[in-house]
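The structure appears right after this line, and notes come after that.
The values are calculated or read from the model by the stated rules, or taken from the named source; none is laboratory data. Everything numeric here is computed off the predicted structure, so don't read it as measured data. Quick reminder, even Gly has a Cβ in these numbers, built from the backbone with ideal geometry, and neighbours come from all protein chains shown. SASA here: full protein model, heavy atoms, side chains in, ligands and nucleic acids out. Shrake-Rupley method; radii C 1.70, N 1.55, O 1.52, S 1.80 Å.
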Amino acid sequence: MAGQGLEGLQVIELGGGVSAPMAGKMLAGLGATVLKIEPPGGEPARRRGPFPQGVPGPEASGTYLYLNTNKRSLELDLTAREGRATLAGLAERADLLLHNFTPTEMEARGISYERLSGRNPRLVMLSITPFGLSGPYRDYAANDLTLIHGGGWGWIIPGKGAPPELPPIKPFGQHVLVHAGLHGLVAALAACRGAAQSGLGEHIDLSVQETVVFLLGRHFSIYSYTGQTDKRTSPTLYEPMNFYPCQDGHIFLICPEQSQWQRFVKLMGEPAWALEERFSSREQRSGNAQALLKLIAQWTAGWKVDDLFHACQQERVGAAPVFDFPQLERQEHLLAREFYVEQSHPVAGALRMPGAPFHLKQPWWRPSEPAPRLGEAARDAASLFAPLPELAGNGGAGQARKPPLAGVRVLDLSWVWAGPHCTQMMAMLGAEVIKVESSSRLDLTRRSRLQPPGMEPGHNLSAYYNQINQCKKSIGIDLSNPEGIALVKQLAESSHVMISNFGTGVLEKLGLGAEEMQRINPRLHVAMISAFGQTGPSRYYMGYGPLISPLAGVSAQTGYADGLPQDVGMAYGDPNGGVYCAIALTAALWAGLRHGAPGQVIDLSMWEAMLCTGFEGWMNHALGNPPYRPMGNRDPVDAPHNVYASAGEDAWVAVAVSDQAQWRGLCRAIGQPNLADDARFRDAPARKANEDALDALLGAWCAGRERWEATRALQAEGVPAFPVLDTKDLQEDPHLLARKCFTNWPHAEAGLRTMMGAPWRMAFTPNGNGHAAPLLGEHTDYVLEAVLGLSTQRRAELREAHIVE
């Protein structure tokens, strides 16, 4: 009988914490057998919390409970010869080994791809490390705080013209570690598919810092195109785009299109101030953002959040309540989509947890089995993995290595950022991505004002579009014309994947719905990304990336200590949804190859995907604790854990301590070794209780030192520390340059521009192959001729009729 999803994929997970376990959670949910190898006493997430009613216990940590569903646990000492021998034996039958040990920890545990693949050439290894396996910073200590700020994300948070005297902050949670696991998994699944065809494995070097930079999208490329750096004090590209007070909470409003502003003005009753010249265009509103904020706030203050949310959405105006987790548990839309899953854990008891980040037509996602107790697989670990099956392809020994998704064709109907983030990763992994677009319905990112000064503005010069559409082909097709729709259907016949992020119902109105496209090609995998999903009472509501963090509880926990919700600095819902979609699609491609599975249909709600990423706040609520409040850069558990002003203008350094060895190292670095035994700071609970005093002490030390000087002194003692970098810093950084993570492909109109490439390096597959983002319709003739086989005359007829461009 044909398998389902990732059944038959055999995975070893090493390390702990967040990044590798998040990748393992997704694999186990989709059907893979995941054996989690933990050190004696268990991995660090067991001690992280949150705990039921705040009472610690290694089997009841919310972080561990969420990240390790559907797995098995084996306790093994990899620093001992016997433990390494057991691991080597298990790896002989594994398809994938994923870990998040540092290079030094890898060496101490004998984790070597060369050694392990010598006994299993088909093995794929995913190594997730803070700064990669090479480069000047490879051995730097790091955590979520230092990597967010060292990757440039913190520099733009909270945005919206924040006061410059306040520090950059982080979104609450472990977001960049989650994304390291998710982005690394996309590459790993693609490599597993390639190994199933060729018999040749791969070693993937995934840098968390580079993952953060990759997430920045336009916020990274703006410097290369304009010479300016985006920062937390910068105005927004359009207004309104902010939080507004209501009678019973806050609402987030956004109007990126002029027509939406006009509808919003009508909803407000067309007050005289809204018709003034200073608010007449997007540029005018952005230039008068503070005045607009106050005037809109006076109006929203008379509304209840829920009433205003529905009123805005009925007028097609972007709006989102700022939900906390008690409110999220009651949301009718999430309940109607059966998003939450009930689980009974032997120690933690009954739990309601976030379910799958996507709905699948073929029901691959497993019911949520509780996270395993430590070492529960000791008796049957040796028999968990079956012998590896015969190759699905013809084998690749002696042949030139190709990218793992070579031969896969993606029909890309997506626009803005969510879908393009997904398809860019697939393109960087070797897929042929054909982007369908039109000047009559121009991609919002092509209309961006982020264009090089001194050049005539045009549709091909957007820093935003050109960053997130590298390595793709563009065909211009008018989808309002039936003949244009017919061309898309012809393309679907030879495609493996179709993806869109139109509003719910739009594809069906065009005649391009999933059912119709799979009638044309039953093996076609169809992915649909939307804010609210394809079902449920709010499915027709509109959504943009910035609306998702407020909806999913992230904004309610992010901000300064004043308690007001803050933005996370970018349209975070878009790349977050995009990477989950890429995981579903690469899993579907593997399943199609391994099991002959039919075409999958993926319904991804960006709201639900963000709830999966921001799991820490949810688990705190589910375990009976009061909601976390905004705490800036601080952490619920660790201290010190903050960003400190250093010498220079708007210069900052992030510092974090998570164990006693790091604490003693910090005390040595600042020249106060005896401070390690001070009763106020002796252990983690004491440091947390006296965090204000600790911050004052460390702030005084940092204030007199240049940010890199402070970083190097702390890193020399093994303390996670890193400067807060902007995009100029990133593009000039010696480590990132040594890692060759930037692309500098010449663009036909924009010329040579530094763009961010993939956050991973393949050991055996060529890295950096590709090309700059396409001009609008640059590959129309190629696609019509080489893919569809149309004659010169027919192509000319289509152009003359303006069906293609």
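The figures follow:
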read-out: Leading residue by the ranking (most open to solvent (accessible area, probe 1.4 Å)) among those in region 734-761 that are among the charged types (D, E, K, R) and under 18 Å from PRO452 (Cα atoms); value: GLU749
read-out: Conditions (1) touching a residue at least 12 places away in the same chain (Cβ under 8 Å); (2) farther than 26 Å from ASN100 by Cα; (3) more than 27 Å from the chain's Cα centre (by Cα): number failed by GLY770; value: (3)
read-out: Every pair of residues 6+ apart whose Cβ atoms lie under 8 Å, when the first sits in region 295-319 and is acidic (Asp, Glu) while the second is assigned to a strand (DSSP E or B); value: ASP306/PRO321
read-out: Filter result (surrounded by fewer than 20 Cβ atoms within 10 Å (Cβ to Cβ) and either among the β-branched types (Val, Ile, Thr) or touching a helix residue (DSSP H, G or I) at 6+ places or on another chain (Cβ under 6 Å) (or both)) within region 683-725; value: ALA713, GLU717, GLY718
read-out: Scan of region 71-112 for residues that are under 27 Å from the mean Cα position of the chain (by Cα), open to solvent by 20 Å² or more (accessible area, probe 1.4 Å) and closer than 19 Å to ASP139 by Cα, ordered by number; value: ASN100, PHE101, THR102, THR104, GLU105
read-out: Pairs where the first residue, in region 447-458, is more than 17 Å from ARG218 (Cα to Cα) and the second is modelled with pLDDT of 90 or more and small (Gly, Ala, Ser), C-beta under 8 Å, 6+ apart; value: MET455/ALA750
read-out: Region 775-790 residues that are at positive phi, paired with ones that are open to solvent by less than 40 Å² (accessible area, probe 1.4 Å) (beta carbon under 8 Å, 6 or more apart); value: GLY777/GLU437; GLY777/SER474; GLY777/ILE475; GLY777/GLY476; GLY777/VAL804
read-out: Unmet requirement for ILE529, which otherwise passes all of (1) without any contact (Cβ under 8 Å) to a residue 40 or more places away in the chain; (2) open to solvent by less than 10 Å² (accessible area, probe 1.4 Å); value: (1)
read-out: Any chance GLN731 is of a type in the set (S, T, N, Q), surrounded by 14 or more Cβ atoms within 10 Å (Cβ to Cβ), under 22 Å from ASN642 (Cβ atoms) and in contact (Cβ under 8 Å) with a residue 12 or more places away in the chain; value: no
read-out: Filter result for LEU292 (open to solvent by less than 30 Å² (accessible area, probe 1.4 Å), assigned to a helix (DSSP H, G or I), over 30 Å from MET353 (Cα atoms) and out of contact with any Leu (no Cβ under 8 Å at 6 or more places or on another chain)); value: yes
read-out: Selected residue [more than 29 Å from ALA94 (Cβ to Cβ), surrounded by fewer than 24 Cβ atoms within 10 Å (Cβ to Cβ) and modelled with pLDDT of 95 or more] from TYR238, TYR244; value: TYR244
read-out: Residues of region 13-48 satisfying the condition of being of a type in the set (Val, Ile, Thr) and touching a helix residue (DSSP H, G or I) at 6+ places or on another chain (Cβ under 6 Å); value: VAL18, VAL34
read-out: Qualifying residue in region 349-364 (condition: over 26 Å from PRO537 (Cβ atoms), of a type outside the set (Lys, Arg) and touching an Asp or Glu at 6+ places or on another chain (Cβ under 8 Å)); value: yes
read-out: Residues that are in a helix (DSSP H, G or I) and either among the small types (Gly, Ala, Ser) or under 28 Å from GLU749 (Cβ atoms) (or both), drawn from region 480-518; value: GLY484, ALA486, LEU487, VAL488, LEU491, ALA492, ALA514
read-out: Hits in region 762-773 - residues which are open to solvent by less than 50 Å² (accessible area, probe 1.4 Å) and in a loop (DSSP other than H, G, I, E, B); value: THR765, GLY770, ALA772, ALA773
read-out: Single residue of ALA561, ALA597, ALA609 found to be in contact with a Phe, Trp or Tyr (Cβ under 7 Å, 6 or more places away or on another chain) and either modelled with pLDDT under 95 or not basic (Lys, Arg) (or both); value: ALA609
read-out: Single residue of ILE583, ILE602 found to be part of a helix (DSSP H, G or I), open to solvent by less than 30 Å² (accessible area, probe 1.4 Å) and touching a residue at least 24 places away in the same chain (Cβ under 8 Å); value: ILE583
read-out: Residue that is open to solvent by less than 10 Å² (accessible area, probe 1.4 Å) and assigned to a loop (DSSP other than H, G, I, E, B), where the choices are GLY42, GLY8, GLY17; value: GLY42
read-out: Residue under evaluation ILE548, criteria (1) within 19 Å of HIS250 (Cα to Cα); (2) part of a loop (DSSP other than H, G, I, E, B), criterion not met; value: (2)
read-out: Number of positions in region 200-226 that are open to solvent by 10 Å² or more (accessible area, probe 1.4 Å) and either assigned to a loop (DSSP other than H, G, I, E, B) or of a type in the set (Lys, Arg) (or both); value: 2
read-out: Some residue of region 612-619 being closer than 30 Å to ASP659 by Cβ, among the hydroxyl-bearing types (Ser, Thr, Tyr) and open to solvent by less than 10 Å² (accessible area, probe 1.4 Å); value: yes
read-out: Scan of region 651-671 for residues that are in contact (Cβ under 8 Å) with a residue 40 or more places away in the chain, in contact with a Pro (Cβ under 8 Å, 6 or more places away or on another chain) and open to solvent by less than 40 Å² (accessible area, probe 1.4 Å), ordered by number; value: ALA651, TRP652, VAL653, ALA654, VAL655, ALA656, VAL657, GLN662, LEU666
read-out: Region 426-479 - residue that is among the hydroxyl-bearing types (Ser, Thr, Tyr) and part of a strand (DSSP E or B) and, of those, nearest to TRP590 (Cα to Cα); value: SER474
read-out: Tally of residues being free of Cβ contacts under 8 Å to residues at least 12 places away in the same chain and in contact with a helix residue (DSSP H, G or I) (Cβ under 7 Å, 6 or more places away or on another chain) across region 627-650; value: 0
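Residue-wise test of (1) surrounded by fewer than 24 Cβ atoms within 10 Å (Cβ to Cβ); (2) modelled with pLDDT of 95 or more.
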position	(1), (2)
LYS402	yes, no
LEU405	no, yes
ARG409	yes, yes
ASP412	no, yes
GLY419	no, yes
THR423	no, yes
MET426	no, yes
ALA431	no, yes
LEU442	yes, no
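Yes/no per residue for (1) open to solvent by 10 Å² or more (accessible area, probe 1.4 Å); (2) free of Cβ contacts under 8 Å to residues at least 60 places away in the same chain; (3) over 21 Å from GLY24 (Cβ atoms); (4) within 14 Å of the chain's Cα centre (by Cα):
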site	(1), (2), (3), (4)
PRO565	yes, no, yes, no
GLY573	no, no, yes, yes
ALA587	no, no, no, no
ARG594	yes, no, no, no
PRO598	yes, no, yes, no
GLU608	no, no, no, yes
HIS621	yes, no, yes, no
ASN625	yes, no, yes, no
